[in-house]
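Visitor: One structure, pasted below without further comment.
The values are calculated or read from the model by the stated rules, or taken from the named source; none is laboratory data. The shown structure was predicted, so the numbers you read here are calculated from the model rather than taken from an experiment. All Cβ positions, glycine included, derive from the backbone under ideal geometry; neighbour counts span all protein chains shown. The protein model used for the area step is the full one, side chains on, heavy atoms only, and it has no ligands, DNA or RNA in it. Shrake-Rupley method; radii C 1.70, N 1.55, O 1.52, S 1.80 Å.
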Amino acid sequence: MDFTPVWNARWLLLDSFLTTLLLSTIAVVVGTLVGAIVAVLRTLNVGILNVVLRAYVELFRGTPLLMQLFFVYFGLPMLGVNVDKFWAAFSAISLYTGAYVAEVFRAGVEAVPRGQVEASTALGLTFVQRLTYVIAPQALRVALPPLVGVYVSVIKDTSLATVIGYNELMRRAMELVLQYGRPLEIFLVVGILYFIICFPISKFSEWLERRLARNGA
Amino acid sequence: MPLLTMNNVHKRFGALTVLNGINMSVEAGQVAAVIGPSGSGKSTLLRVINGLEPIEKGTIEVDGVSTASLQGLREVRKQVGMVFQQFNLFSHLTVGGNVMLAQRLVLRRDKSEAEKRARELLARVGLEEKWGSYPSQLSGGQQQRVAIARALAMDPRIMLFDEATSALDPELVGEVLGVMRSLAESGMTMLVVTHEMNFAREVADRVLFMDKGSVLADGTPEDILVRPTDPRIQQFMRRLTEH
Ligand SMILES: Nc1ncnc2c1ncn2[C@@H]1O[C@H](COP(=O)(O)OP(=O)(O)OP(=O)(O)O)[C@@H](O)[C@H]1O
Ligand SMILES: [Mg+2]
């Protein structure tokens, strides 16, 4: 093994690592926010709103992220909407992740027994209080494992942002391999870098799961 | 003035009329049992009082406050306690947490005050030692007694019971009926949907017989349960005693 090329390219790799980290953070943070808002709005059960939200979820889950990136970055300018590559990646990744997260949260909300929500209504809790103190804690426990699955898979998918010119980790790795050979060493290091992003998320969720489990049998 | 008044209350589910012009009132301190065949609208009668189901027509007032406005409904929910067939305890909270939650959030009691009241009420239903247990660790009868304590913690003016013992194993029915009986003796106003005819006869001041969305008869337990004149009630009572 010869890690010299990797070492020589360390700053380039770091730069790409940060790009991947940025895209991953957008996916997790903004995607979760979008998904949570959609899931909450869907509990309101307003006819027309439900149709729109459902269409959003189905559309973004039913098409590849790659296509969505192309659509936003190359397609929208045709309609006169110019989107730079950051906002293109931002919107496509957030909306794509949001659609998956919304479904995961919805399943969590549906797992909360209706009777408990009615009991809290009868006790006089407001909509927001019911959501915060009765629905969310129980829905989250159900949603956590699949949520982590969504995060990890989307983080790996951020490599697709390469098609709109992002020098994220995978693209950089490929370039370095073409330039220096040494695919084994380079992909080993890149794999570790992905792992560094994904592992804390799994760990955090394990911790949260344990905590939530302790607060209720 | 009656504590609860329902005037010409109509409720439909789609094409199905479930409450067909209910007129009735309950005086403070009164215990009224509601009986009637399955599907006659007994649960719905209770559920419209605190707005778990909206009504199409008519008015409902609790202690002079109408449920028609959102603000009125909020006030009414504070005055009306409800106990469900399926207990509906919050499964992620302990017994203490269940009894304290709405006190904190709705009545804005501070923690020590809410805890004091919760412990009082749990002692009253005989479950003070279950403070830290989760609902899944309790028997059905214990869960239902916690649910009663949870409702009482709001210091309601009236309590609604929807077949509070129907989901319980026979040997656990007695402990819950016992709590309900002592609540009635303490002067609580109660509207009790029940299939327990002995309880209705011994505890209720009044029995309402519902059929197809209407109150078909309203009288003393003696009138309705022991010597009913209406053939539909006679038939209902006969069916009950048959099995
Ligand atoms: N959410 C709902 N949507 C549609 N129909 C409903 C709904 N809730 C109740 N119903 C119908 O309304 C009618 C009255 O129901 P309700 O639960 O009030 O009867 P009940 O007297 O409590 O019966 P039971 O003794 O079986 O509990 C029934 O025909 C029932 O199927
Ligand atoms: Mg019923």
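Visitor: Within the range B:89-114, take every residue that is part of a helix (DSSP H, G or I) and open to solvent by 50 Å² or more (accessible area, probe 1.4 Å) and give me the one that is nearest to the other protein chains (Cβ to nearest Cβ). So that I can check it myself, show each step before the final result.
Guide: Applying the first criterion (part of a helix (DSSP H, G or I)) to the range B:89-114 yields B:95-105, B:111-114.
Adding the requirement that they be open to solvent by 50 Å² or more (accessible area, probe 1.4 Å) leaves B:104, B:111-113.
Values: B:Arg104: 9, B:Lys111: 15, B:Ser112: 19, B:Glu113: 17 Å.
Looking at the filtered set, the residue picked out is B:Arg104.
Visitor: (1) at the interface with chain A (Cβ under 9 Å from one of its Cβ atoms); (2) open to solvent by 40 Å² or more (accessible area, probe 1.4 Å): which one isn't true of B:Ile55, the others all being true?
Guide: Among (1) at the interface with chain A (Cβ under 9 Å from one of its Cβ atoms); (2) open to solvent by 40 Å² or more (accessible area, probe 1.4 Å), B:Ile55 violates only (1).
Visitor: Restricting to the range B:50-88, name every residue that is among the aliphatic types (A, V, I, L, M), within 22 Å of B:Val179 (Cβ to Cβ) and within 16 Å of ligand 2 (Cβ to nearest atom). Write out each step before concluding.
Guide: Pass one, the range B:50-88, residues among the aliphatic types (A, V, I, L, M): B:52, B:55, B:60, B:62, B:65, B:68, B:70, B:73, B:76, B:80, B:82-83.
Now restrict to residues that are within 22 Å of B:Val179 (Cβ to Cβ): B:80, B:82-83.
Correct list: B:Met82, B:Val83.
Visitor: Can you confirm whether A:Leu13 is closer than 30 Å to A:Glu175 by Cβ and in a helix (DSSP H, G or I)? Give the steps one after another, and end with the answer.
Guide: Numbers: closer than 30 Å to A:Glu175 by Cβ: yes; in a helix (DSSP H, G or I): yes.
For A:Leu13, the condition - closer than 30 Å to A:Glu175 by Cβ and in a helix (DSSP H, G or I) - is met.
Visitor: What's the number of the only condition in (1) closer than 30 Å to B:Pro2 by Cα; (2) among the hydrophobic types (A, V, I, L, M, F, W, C); (3) open to solvent by 10 Å² or more (accessible area, probe 1.4 Å) that B:Ala164 fails to meet?
Guide: In the conditions (1) closer than 30 Å to B:Pro2 by Cα; (2) among the hydrophobic types (A, V, I, L, M, F, W, C); (3) open to solvent by 10 Å² or more (accessible area, probe 1.4 Å), B:Ala164 misses (3) alone.
Visitor: Output the residue which, of all residues in the range B:118-161 that are crowded, with 20+ Cβ neighbours inside 10 Å and basic (Lys, Arg), is nearest to the other protein chains (Cβ to nearest Cβ).
Guide: Of everything passing the filter in the range B:118-161, B:Arg150 is nearest to the other protein chains (Cβ to nearest Cβ).
Yes or no, residue by residue, for (1) under 17 Å from B:Val193 (Cα atoms); (2) open to solvent by less than 10 Å² (accessible area, probe 1.4 Å); (3) more than 14 Å from chain A (Cβ to nearest Cβ); (4) out of contact with any Gly (no Cβ under 9 Å at 6 or more places or on another chain):
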{"residue": "B:Leu3", "(1), (2), (3), (4)": "no, yes, yes, no"}
{"residue": "B:Met6", "(1), (2), (3), (4)": "yes, yes, yes, no"}
{"residue": "B:Gly14", "(1), (2), (3), (4)": "no, no, yes, yes"}
{"residue": "B:Gly21", "(1), (2), (3), (4)": "no, no, yes, no"}
{"residue": "B:Val26", "(1), (2), (3), (4)": "yes, yes, yes, yes"}
{"residue": "B:Gly36", "(1), (2), (3), (4)": "yes, yes, yes, yes"}
{"residue": "B:Gly39", "(1), (2), (3), (4)": "yes, no, yes, yes"}
{"residue": "B:Val65", "(1), (2), (3), (4)": "no, no, no, no"}
{"residue": "B:Phe87", "(1), (2), (3), (4)": "yes, no, no, no"}
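Visitor: Could you look through the range B:212-235, keep only residues that are within 16 Å of ligand 2 (Cβ to nearest atom) and surrounded by 19 or more Cβ atoms within 10 Å (Cβ to Cβ), and pick out the one that is farthest from B:Ser38 (Cα to Cα)?
Guide: Taking the candidates together, the pick is B:Val215.
Visitor: State yes or no: is B:Arg47 out of contact with any helix residue (DSSP H, G or I) (no Cβ under 6 Å at 6 or more places or on another chain) and either within 13 Å of ligand 2 (Cβ to nearest atom) or polar (S, T, N, Q) (or both)?
Guide: So B:Arg47 fits the description; yes.
Visitor: Return yes when A:Leu41 is closer than 21 Å to A:Leu169 by Cα and either out of contact with any helix residue (DSSP H, G or I) (no Cβ under 8 Å at 6 or more places or on another chain) or open to solvent by less than 80 Å² (accessible area, probe 1.4 Å) (or both) and no when it is not. Please lay out each step first, then the result.
Guide: Values: closer than 21 Å to A:Leu169 by Cα: no; either out of contact with any helix residue (DSSP H, G or I) (no Cβ under 8 Å at 6 or more places or on another chain) or open to solvent by less than 80 Å² (accessible area, probe 1.4 Å) (or both): yes.
Spelling it out, it is not the case that A:Leu41 is closer than 21 Å to A:Leu169 by Cα and either out of contact with any helix residue (DSSP H, G or I) (no Cβ under 8 Å at 6 or more places or on another chain) or open to solvent by less than 80 Å² (accessible area, probe 1.4 Å) (or both).
Visitor: Looking at the range B:24-37, can you tell me whether even one residue there is within 16 Å of ligand 2 (Cβ to nearest atom) and part of a loop (DSSP other than H, G, I, E, B)?
Guide: yes
Visitor: Filter the range B:60-80 for residues that are part of a loop (DSSP other than H, G, I, E, B) and either under 16 Å from the mean Cα position of the chain (by Cα) or hydroxyl-bearing (Ser, Thr, Tyr) (or both); which is farthest from B:Leu4 (Cα to Cα)? Spell out the reasoning first.
Guide: Quick first cut of the range B:60-80, residues part of a loop (DSSP other than H, G, I, E, B) only: B:63-64, B:67-69.
Pick out the ones that are also either under 16 Å from the mean Cα position of the chain (by Cα) or hydroxyl-bearing (Ser, Thr, Tyr) (or both) and you get B:67, B:69.
Details: B:Thr67: 11, B:Ser69: 16 Å.
The selected residue is B:Ser69.
Visitor: Could I ask something else about it? May I ask you to verify whether B:Met210 is under 14 Å from the mean Cα position of the chain (by Cα), away from chain A (no Cβ under 14 Å) and either outside any loop (DSSP other than H, G, I, E, B) or within 16 Å of ligand 1 (Cβ to nearest atom) (or both)? Show your work before the answer.
Guide: Values: under 14 Å from the mean Cα position of the chain (by Cα): no; away from chain A (no Cβ under 14 Å): yes; either outside any loop (DSSP other than H, G, I, E, B) or within 16 Å of ligand 1 (Cβ to nearest atom) (or both): yes.
No.
Visitor: Give all pairs with beta carbons closer than 6 Å in which a residue from the range A:53-69 that is under 12 Å from A:Tyr100 (Cβ atoms) meets a residue that is aliphatic (A, V, I, L, M) and open to solvent by 40 Å² or more (accessible area, probe 1.4 Å); count only pairs at least 6 apart in sequence or on separate chains.
Guide: Taking only residues 6 or more apart or on different chains, the pairs are A:Phe60/A:Leu95; A:Leu65/A:Leu160.
Visitor: Given (1) within 16 Å of ligand 1 (Cβ to nearest atom); (2) in a loop (DSSP other than H, G, I, E, B); (3) within 13 Å of another protein chain (Cβ to nearest Cβ); (4) aliphatic (A, V, I, L, M), where does B:Leu168 come up short, assuming only one miss?
Guide: (3)
Visitor: Another one. Could you check the range A:84-187 for helices (runs of 4 or more DSSP H) lying wholly inside it with 2 or more residues that are open to solvent by less than 30 Å² (accessible area, probe 1.4 Å)? Let's see the steps before the verdict.
Guide: Values: elements: A:85-111, A:114-122, A:127-130, A:136-157, A:169-180.
Of the helices (runs of 4 or more DSSP H) lying wholly inside the range A:84-187, those with at least 2 residues that are open to solvent by less than 30 Å² (accessible area, probe 1.4 Å) span A:85-111, A:114-122, A:136-157, A:169-180.
Visitor: Let me ask something additional. Listed residues B:Val176, B:Val192; which is within 16 Å of ligand 2 (Cβ to nearest atom), touching a residue at least 24 places away in the same chain (Cβ under 8 Å), touching a helix residue (DSSP H, G or I) at 6+ places or on another chain (Cβ under 8 Å) and closer than 21 Å to B:Arg124 by Cβ?
Guide: Unique residue meeting the criteria: B:Val192.
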